[in-house]
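Notes for the one structure printed next.
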Amino acid sequence: MVKQNISQLQLVRKNFKPVLPSILKNGPKSIVLKFGKPTESISDKEILKKIFTNTYGMPIVKFIKGKNSEVVKRTIKVGVVFSGGPAPAGHNVVAGLFDALKRTNSKNKLFGFLDGPSGIIENKLVEITSSMVDNYRNTGGFDMIGTGRTKIETQQQFEQVKKTLTESGISGLVIVGGDDSNTNAAILAEYFRKENIKITVVGVPKTIDGDLKNPYIETSFGFDTATKVYSELVGNIAKDACSSRKYWHFIRLMGRSASHIALEVALKTHPNIVLIAEEVFDKKLTLSQIVDKIVDVIVKRAQQNKNFGIVLLPEGLIEFIPEIKELISRLNDVLAENEQPINSLLSIEEKKNFIYTKLPENLVSLMKDLPEDISSQLLLDRDPHGNVQVSLIETEKLLIDMVKKKLSELKKQGKFEGKVSFLAHFFGYEGRCCDPSNFDANYGYSLGYTAAVLVLNGLSGYMASVQKLIKKPSDWECCGVPITMMMNIERRKGKEKPVIKKALVDLNGEPFKFLQKYKDNWSLTESYTFPGPIQYFGPSSICDMTTITLELEHKKK
């Protein structure tokens with residue numbers, strides 16, 4: 001736990017009062033639950049039924065106004081844990097959870113597990129007090145209790161979690177995380193139900209990447225703030241490009257498994273080129289074809305004496321290029337199946353030569369054709385979920401190198417005379433821990449409140465859901481959604497595992513259609529927009545507006 005230092009802005013933001021949906025305004029004791037019909041997973045139903053024998057098929061639970069005296073009668077202890085990377089408004093989730101518990105019964109207690117899921121395993125926790133919460137309201141980061149990426153998956157870990165929670169008298173656990181972390185919440189809920197242990201596990205959707213998204217989770221908290229911050233940075237660079245008129249800026253944005261951030265930032269800033277990974281995969285574009293498309297725009301702009309521009313790409317782009325995706329998939333299996341012999345090799349070249357013996361000839365050839373530093377980056381340690389750490393692969397530099405090579409060839413052929421300079425950027429950590437926008441401050445607080453309602457009513461294996469986000473916060477709707485209905489089976493570390501299905505950019509959705517309509521015009525003109533910093537104060541139409549993505553998705557509803 002890091003001591004909080006308060007700036008002048010934070011002193012003012014501390015007094016910001018998040019707006020609750022009207023259903024939550026009178027607290028959990030004024031909410032009764034309406035249960036819907038049994039639910040099904042999005043796919044792999046029979047397999048998931050066997051894995052989640054006690055929690056599969058639970059109904060969606062809506063909140064309606066009514067008297068609920070049961071939640072007032074008992075005193076409970078609840079634990080909360082941050083899992084995975086930080087996202088703006090995490091502290092407001094804790095604040096909402098704390099306020100809802102205390103409002104229901106002043107003797108209720110909230111405990112924070114330190115440094116992520118490992119804190120549960122290692123029994124590292126701290127009681128969250130009123131003064132502690134007050135110091136972190138409306139602030140960014142997860143530094144109130146810290147976070148981590150430990151995955152709870154072994155029988156020994158399950159038993160240790162059970163031991164920690166039961167000995168501490170904690171009857172509810174709220175896991176704040178992304179798709180993998182909420183999958184973990186579902187697995188823990190199933191484990192406790194199977195063991196006949198009355199511990200409720202509830203998930204809260206968190207990821208700035210935006211890939212935890214479905215009809216019931218319209219967006220995850222943090223996405224709004226992060227895209228506004230990245231858009232400010234891109235807008236600043238675009239203004240510089242217009243001023244100096246001499247650089248092509250290749251900007252890689254966060255988004256390992258989906259391009260939601262790149263799309264939203266593009267909608268906010270109108271770059272000359274934006275690469276949407278899902279479109280690349282859908283059209284089966286090769287690396288060479290992507291480079292050709294970029295070069296085509298550079299050449300056309302050079303003919304107008306515009307040797308500058310902005311290119312946006314998601315960090316996970318390389319995994320969506322079909323030929324590279326196949327290579328990475330096979331590498332994942334080879335590395336998982338040969339972990340010991342590969343780790344015993346000292347040099348990267350020895351490891352490559354060993355791996356070449358395990359890959360088909362076409363993939364060996366592809367890997368050898370990649371720049372040496374990129375092929376080496378593909379062999380870096382995997383993340384805790386077995387995925388390539390694509391944030392460490394400098395795709396923007398790969399594209400710059402290949403574009404330079406192509407332009408050099410065109411010069412030799414007399415087809416290009418422009419003089420182009422390039423700059424590479426990666427915006428990631430800049431957006432993870434900033435203070436939340438008004439939207440995220442309200443949303444995170446409402447999610448925490450909603451999670452409290454679910455815990456107080458003993459609903460385990462659910463994810464807190466706040467919907468109708470295009471409306472005023474007071475008109476938002478709240479419910480609990482069974483985590484299993486969002487799940488499918490995927491291959492991780494060489495094994496088939498249940499996971500929440502990641503939401504990709506919908507190529508038939510309104511946000512992508514909007515991009516398609518204007519991107520050709522943006523490519524050759526300076527249509528850049530400059531969003532500026534997140535607005536906390538000022539006209540509501542500016543400081544409280546939500547993402548363009550949500551506006552377009554709700555356009556026809």
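Structure values in brief
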item	result
The stretch 232-249, residues that are among the small types (Gly, Ala, Ser) and either surrounded by 21 or more Cβ atoms within 10 Å (Cβ to Cβ) or part of a loop (DSSP other than H, G, I, E, B) (or both)	GLY235, ALA238, ALA241
Within the stretch 250-306, helices (runs of 4 or more DSSP H) holding 2 or more residues that are under 14 Å from GLU396 (Cα atoms)	287-303
Enumeration of residues in the stretch 142-158 that are at pLDDT 95 or above and touching a helix residue (DSSP H, G or I) at 6+ places or on another chain (Cβ under 7 Å)	PHE142, MET144, GLY148, GLN157, PHE158
Breaking point among (1) assigned to a helix (DSSP H, G or I); (2) among the β-branched types (Val, Ile, Thr); (3) in contact (Cβ under 8 Å) with a residue 12 or more places away in the chain, for THR546	(1)
Residue satisfying condition, being closer than 17 Å to PRO86 by Cα and not assigned by TED's automatic domain parsing to the domain that holds LEU253, within set ARG193, ARG149	ARG149
Subset of the stretch 304-336 that is charged (D, E, K, R) and at pLDDT below 95 - its residue that is surrounded by the most Cβ atoms within 10 Å (Cβ to Cβ)	GLU315
Verdict on VAL311 being in a helix (DSSP H, G or I) and among the aliphatic types (A, V, I, L, M)	no
GLY532 vs. criteria surrounded by fewer than 16 Cβ atoms within 10 Å (Cβ to Cβ), free of Cβ contacts under 8 Å to residues at least 24 places away in the same chain and within 29 Å of GLY235 (Cβ to Cβ)	no
Any hit, the stretch 16-31, residues being part of a strand (DSSP E or B), touching a Phe, Trp or Tyr at 6+ places or on another chain (Cβ under 8 Å) and either in the same structural domain as MET132 (by TED's automatic domain parsing) or within 20 Å of LEU447 (Cα to Cα) (or both)	yes
Top-ranked residue in the stretch 71-105 [being in contact (Cβ under 8 Å) with a residue 40 or more places away in the chain and out of contact with any helix residue (DSSP H, G or I) (no Cβ under 8 Å at 6 or more places or on another chain); ranked as nearest to ARG256 (Cα to Cα)]	GLY85
Residue check, LEU267 at pLDDT below 95 and either among the aliphatic types (A, V, I, L, M) or in contact with a Ser or Thr (Cβ under 8 Å, 6 or more places away or on another chain) (or both)	no
Cross-chain or 6+ apart pairs with Cβ under 7 Å, the stretch 184-199 first and among the acidic types (Asp, Glu), then crowded, with 22+ Cβ neighbours inside 10 Å	GLU190/PHE52; GLU190/THR55; GLU190/GLY461
Cross-chain or 6+ apart pairs with Cβ under 9 Å, the stretch 270-290 first and among the basic types (Lys, Arg) and surrounded by 18 or more Cβ atoms within 10 Å (Cβ to Cβ), then at pLDDT 95 or above and not in a loop (DSSP other than H, G, I, E, B)	none
Selected residue [more than 17 Å from the chain's Cα centre (by Cα) and on the phi > 0 side of the Ramachandran plot] from GLY448, GLY414	GLY414
Subset of the stretch 28-52 [closer than 27 Å to SER69 by Cα and buried (at least 21 other Cβ atoms within 10 Å of the Cβ)]	PRO28, ILE31
Selected residue (only one of GLY57, GLY79 is part of a loop (DSSP other than H, G, I, E, B), at pLDDT 95 or above and not acidic (Asp, Glu))	GLY57
Number of the exception - LYS519 against (1) in contact (Cβ under 8 Å) with a residue 60 or more places away in the chain; (2) more than 23 Å from the chain's Cα centre (by Cα); (3) farther than 30 Å from GLN304 by Cα	(3)
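So that you can scan it fast, the table gives a plain yes or no per residue for (1) in contact with a Leu (Cβ under 7 Å, 6 or more places away or on another chain); (2) among the small types (Gly, Ala, Ser):
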{"residue": "PHE192", "(1), (2)": "no, no"}
{"residue": "THR207", "(1), (2)": "no, no"}
{"residue": "ASN214", "(1), (2)": "no, no"}
{"residue": "PHE221", "(1), (2)": "yes, no"}
{"residue": "THR225", "(1), (2)": "no, no"}
{"residue": "LYS228", "(1), (2)": "no, no"}
{"residue": "SER244", "(1), (2)": "no, yes"}
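The values are calculated or read from the model by the stated rules, or taken from the named source; none is laboratory data. Since the structure is predicted, the reported quantities are computational estimates derived from the model, not experimental observations. Ideal geometry is used to build each Cβ from the backbone, glycine not excepted, and the neighbour counts take in all protein chains shown.
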